1. Out of the stretch 227-253, which residues are assigned to a strand (DSSP E or B) and either aromatic (Phe, Trp, Tyr) or under 13 Å from the mean Cα position of the chain (by Cα) (or both)?
2. When the stretch 125-147 is examined, which residues are found to be out of contact with any strand residue (DSSP E or B) (no Cβ under 6 Å at 6 or more places or on another chain) and within 13 Å of ligand 1 (Cβ to nearest atom)?
3. Here are some residues: GLU188, GLU203. Which one is open to solvent by 20 Å² or more (accessible area, probe 1.4 Å) and either in contact with a Pro (Cβ under 6 Å, 6 or more places away or on another chain) or within 14 Å of ligand 1 (Cβ to nearest atom) (or both)?
4. Given the residues ALA126, ALA138, ALA146, which is the only one that is over 16 Å from ILE46 (Cα atoms), within 16 Å of ligand 2 (Cβ to nearest atom) and either under 15 Å from the mean Cα position of the chain (by Cα) or not small (Gly, Ala, Ser) (or both)?
5. Taking the stretch 229-254 on its own, how many of its residues are in contact with a strand residue (DSSP E or B) (Cβ under 7 Å, 6 or more places away or on another chain) and within 13 Å of ligand 1 (Cβ to nearest atom)?
6. Might you check whether a residue that is of a type in the set (Gly, Ala, Ser), at pLDDT 95 or above and buried (at least 20 other Cβ atoms within 10 Å of the Cβ) occurs anywhere in the stretch 54-63?
7. Looking at (1) open to solvent by less than 20 Å² (accessible area, probe 1.4 Å); (2) within 24 Å of TYR231 (Cα to Cα); (3) within 14 Å of ligand 1 (Cβ to nearest atom), can you tell me which one LEU157 breaks?
8. Among the numbered conditions (1) over 26 Å from ILE281 (Cβ atoms); (2) within 16 Å of ligand 1 (Cβ to nearest atom); (3) in a loop (DSSP other than H, G, I, E, B); (4) among the polar types (S, T, N, Q), tell me where SER101 comes up short.
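The values are calculated or read from the model by the stated rules, or taken from the named source; none is laboratory data. Since we're looking at a predicted model, the values are computed, not measured. Quick reminder, even Gly has a Cβ in these numbers, built from the backbone with ideal geometry, and neighbours come from all protein chains shown. Calculation scope for accessible area: heavy atoms of the full protein, side chains included, ligands and nucleic acids excluded. Shrake-Rupley method; radii C 1.70, N 1.55, O 1.52, S 1.80 Å.
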Amino acid sequence: MSRRRFLSSAPAAGAGLAAVGSLVEAGGRERRQPAAALEGKTGLRILSERPVNAETVVTDLDPRRTSNDKHFVRNNGEVPERALSGDLGGWVLEVVGEVESELRLGLDDIRAGFENVTASLVLECAGNGRAAFRPMVAGNAWWLGAVGCARYTGVRLRDVLASAGIRDTAVYVAWYGEDPHLSGDAAEVPISRGVPLSKAMDESTLLAWEMNGEPLPPHHGFPLRIVAPGYPASASGKWLTRLWVRDRVHDGPKMTGFSYRVPRYPVAPGADVPEEDMQIIGEMPVKSLITRPATGIQHPAVTPLPVRGWAWAGGGPVHAVHVSSDFGATWIECRLQEPENRFAWQRFEATVGFDIAGHYEIWARATDHRGRTQPMVVPGWNPRGYLNNAMHRIAVTAV
Ligand SMILES: Nc1nc2c(c(=O)[nH]1)N[C@H]1C(S)=C(S)[C@@H](COP(=O)(O)O)O[C@H]1N2
Ligand SMILES: [Mo]
């Protein structure tokens, strides 16, 4: 049976999940399915195969660093031929626009020309958690797993920009990649986003060629990508060919309209928001995930249960994480580790106990350095379902 037939005979990815009204993760309902388009990937939950969109199962996010085979994939177009073949021939990165001297750099020029940096960095799709919005919204029905923390090696974007010489007129740094548009029309660009100059100049914003010690895998942007941690992962351009330093906010495909933008003011669920009232998403909100235990487990009521996971925030370190095993009536402060480096996620751990056998939920709630915590319910409905940082809840049966 062909891959296409196999997939079309399967139920729509995410359909079962989207039907789950509760925020409790649907234990046992996960669909893990191999697909030829996801070679090099194992056990991801596939949302679509063309373009490839696949998320990580939450318990697979337990290791400190998300491995290349488990990291979520969010593609807007096709994977470029070059990324599949690994052929660098003819590849250059152009740096153009509001710079003193435009650059054309090969990968060796970049590696040898600037200080090399290695850091563990969280990338989270702004649409992570979209499946829980009601009314439902269009787009990939990400549940919890469109996030990962991998170790990237590259150079600082700011060093490359500085070598080109940034003009006073520069306000935004836009990128273009070589991923073909799904239409097959070479003139069309699937996505071209960017970051404000201040974010481009942040020491943690990288041009990376390595992910967890290996060349960037085909799905993750070979040969070079931006990693702009803290911002929606859509800002982190893959398969780079060109950086365009701009004198205005970039207006490439998926920068404008409703893409990666939210209303400037809180709107009612289902509201019809005028396009001019939408603004670009910047720093991602504080969030956490319980990676152990798995939701749905049975656990002896007399034995304390260790709980752990990761917490992160787009604007700085996480200040505290609390867990509750009584629907939020009482909270325990977790042990919280320092991040491995800026924009790496932070390990939290706690031990919860159960008085009597029965059904429990464990909730986790992180607080950022400004004192903002995760909401208990799905926050701020918006037309495309971005920025759902509701607390993660898992179910445990104490027996
Ligand atoms: N060239 C290019 N860059 C891209 C994309 C894309 O489709 N093409 N998708 C963006 C989006 S929406 C996300 S969430 C991240 C996903 O990165 P990952 O697939 O490595 O997890 O890449 C971003 N960079
Ligand atoms: Mo994304």
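1. First, pick out the residues of the stretch 227-253 that are assigned to a strand (DSSP E or B): 227, 240-246.
Selection gives VAL227, TRP244.
2. Result: ALA126, GLY127, GLY129, ARG130, GLY139.
3. Numbers: GLU203 fails: either in contact with a Pro (Cβ under 6 Å, 6 or more places away or on another chain) or within 14 Å of ligand 1 (Cβ to nearest atom) (or both).
The conditions single out GLU188.
4. On the way: ALA138 fails: either under 15 Å from the mean Cα position of the chain (by Cα) or not small (Gly, Ala, Ser) (or both); ALA146 fails: over 16 Å from ILE46 (Cα atoms).
The conditions single out ALA126.
5. Residues in the stretch 229-254 being in contact with a strand residue (DSSP E or B) (Cβ under 7 Å, 6 or more places away or on another chain) and within 13 Å of ligand 1 (Cβ to nearest atom): 13 in total.
6. In the first step, residues of the stretch 54-63 are kept if they are of a type in the set (Gly, Ala, Ser); the result is 54.
Imposing the further condition that a residue be at pLDDT 95 or above reduces the set to 54.
Pick out the ones that are also buried (at least 20 other Cβ atoms within 10 Å of the Cβ) and you get 54.
Yes, that holds for at least one residue.
7. (3)
8. Against the list (1) over 26 Å from ILE281 (Cβ atoms); (2) within 16 Å of ligand 1 (Cβ to nearest atom); (3) in a loop (DSSP other than H, G, I, E, B); (4) among the polar types (S, T, N, Q), SER101 comes up short only on (2).
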